[in-house]
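Notes follow the structure.
Every number here is computed from the coordinates shown, using simple stated rules; none is lab data. If you're wondering where the values come from, they're calculated on a predicted model, not measured in any experiment. Cβ atoms come from the backbone with ideal geometry, glycine included; neighbour counts cover every protein chain shown.
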């Protein structure tokens, strides 16, 4: 039997490594020096810390991941309500919200591997869809958003499928 959880986890970790290298390279090519380092650290540091907390300290990680996801939801609503302002932000700084979704996806996938799989799958499924809807209101390039959010969407689908197919108890006490 196919273990959908492992496939989703490994695809998100692969996206984190390969996508991280690509985004860091692009960030350093557009903003050389200290500014490129700051832009890269803005998503890399939370992704690494969130992944470690999701694996080792899930009781601390869950509220932080939920605050992060809800703040992204607020930014997506703001982008949908004020597309012209966000278009100027995206044109000057790049796809900030998409990079935040990219940085949030591996910690959510690590957390969802053993705990609350359906819930994490729905979040991994919802954020890219909401990002796509919010970006459809602007004239921003959808290629980058699609390349980053498509694997996140696939991992969300796999986690939702795994929560129904695999008869494993997700309600074990967290440590």
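Things worth noting here:
- Residue in the stretch 95-104 that is farther than 15 Å from residue 152 by Cβ and part of a helix (DSSP H, G or I) present: yes
- Note on the stretch 9-32: among residues that are more than 24 Å from residue 160 (Cβ to Cβ) and surrounded by 15 or more Cβ atoms within 10 Å (Cβ to Cβ), the one that is nearest to the chain's Cα centre (by Cα) is 20.
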